[in-house]
Amino acid sequence: MKKAFVFIALIIFSCEIFAIEKDTLALNFSNQKKHNTTFSSLAFVASASSFVGLNSLWYKDYPRSNFHFFNDSKEWMQMDKCGHAFTSYQLGRNFYNTLLTSDSNRNRNIFLGGATGLIYLTSIEILDGKSAQWGFSKSDMIANTFGYFLFASQEYFLQQQIISLKFSYQKSVFADMRPETFGRNFQQRLLKDYNGQTYWLSAPLSLNRTNTKRFTRWLCISFGYSIDENLFADNNINSVNNFQATREFFFSFDADLKRIEWRRKWMKKIASVINFIKIPSPTIGIRSDGKVKLYPVYF
């Protein structure tokens, strides 16, 4: 449930960019300040509301406890940690891009806007820490911090996102075996079906946005990570039930949709919103058991 709230927050910020993305240089300074003030206020209210709602509607159904820690670093072969890093990265990136204007304080926006995901996810970890059902996860916080650091360090030192965290999903064959764990519909499976999720690190072939051919300007190479036959958080339980939980690594192509020269503004806006999705492409998969498979198209 907590991941559903995080994913909703991600969609809200993405849709906000789609709805109010501005032609930055066309705005005067007064309008820029008004835009940032309005958006920051709305984002704060939305985040606070979701946090309060999560506290009252979800955690109230479980016993409370004194603040404590919980070590889940070995569960699900760290797929949930990939989700934490991805969410932290995307929330920070989206919030920063929305605050950015030609006259804004760029370094401040990197620190404050980029840290939005980290702050939000830390708040949820604190709620976990006071719930007897879970606990404050140090490994979750490491993943959250990595997502923020990946965005902020590139934006500060390189002025662009060379390496992007992306996501893809296709329903696994194990989703129906444990619907209470992996979800009973598409929306739930998108968040819970770890065997069907893949997280990607994607980077363009060329770092130059202008003095290169159009094709190499937006073409990317990607490294992906997923798992297979992992039906239980504890791998020992997987083995007892005759499931061979396996890590999967992928090498593939991708596209940075924001580097493409779109002919229409609405096309550019849509590309900006969906750019966190890995484009289906020919892919080489390597399993931790040594098996190699070539996918004509993998998503």
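Values as computed for the structure displayed
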{"read-out": "Breaking point among (1) in contact with a Gly (Cβ under 7 Å, 6 or more places away or on another chain); (2) not assigned by TED's automatic domain parsing to the domain that holds ASN107, for MET177", "value": "(1)"}
{"read-out": "Selection status of ASN195, buried (at least 18 other Cβ atoms within 10 Å of the Cβ), without any contact (Cβ under 8 Å) to a residue 24 or more places away in the chain and either polar (S, T, N, Q) or part of a helix (DSSP H, G or I) (or both)", "value": "no"}
{"read-out": "Flag for ILE284 being at pLDDT 90 or above and assigned to a loop (DSSP other than H, G, I, E, B)", "value": "no"}
{"read-out": "Residue check for MET177: surrounded by 14 or more Cβ atoms within 10 Å (Cβ to Cβ) and either at pLDDT 95 or above or outside any helix (DSSP H, G or I) (or both)", "value": "no"}
{"read-out": "Residue among SER281, SER272 that alone is touching a strand residue (DSSP E or B) at 6+ places or on another chain (Cβ under 6 Å), outside the structural domain of PHE151 (by TED's automatic domain parsing) and not β-branched (Val, Ile, Thr)", "value": "SER281"}
{"read-out": "Qualifying residues in the range 100-149 (those that are of a type in the set (S, T, N, Q), part of a loop (DSSP other than H, G, I, E, B) and out of contact with any helix residue (DSSP H, G or I) (no Cβ under 6 Å at 6 or more places or on another chain)) - the one modelled with the highest pLDDT", "value": "SER137"}
{"read-out": "Residue match in the range 201-217 (condition: of a type in the set (Lys, Arg), assigned by TED's automatic domain parsing to the domain that holds ARG263 and surrounded by 16 or more Cβ atoms within 10 Å (Cβ to Cβ))", "value": "yes"}
{"read-out": "Candidate set: the range 262-281, residues that are out of contact with any Phe, Trp or Tyr (no Cβ under 9 Å at 6 or more places or on another chain) and surrounded by fewer than 18 Cβ atoms within 10 Å (Cβ to Cβ); chosen: the one nearest to THR198 (Cα to Cα)", "value": "ILE274"}
{"read-out": "Yes/no for LYS81 being at pLDDT 95 or above and of a type in the set (Lys, Arg)", "value": "yes"}
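The values are calculated or read from the model by the stated rules, or taken from the named source; none is laboratory data. Since the model is a prediction, treat every value here as computed from it, not as a measurement. Please note: Cβ atoms are built from the backbone with ideal geometry, for glycine as well, and neighbour counts cover all protein chains shown.
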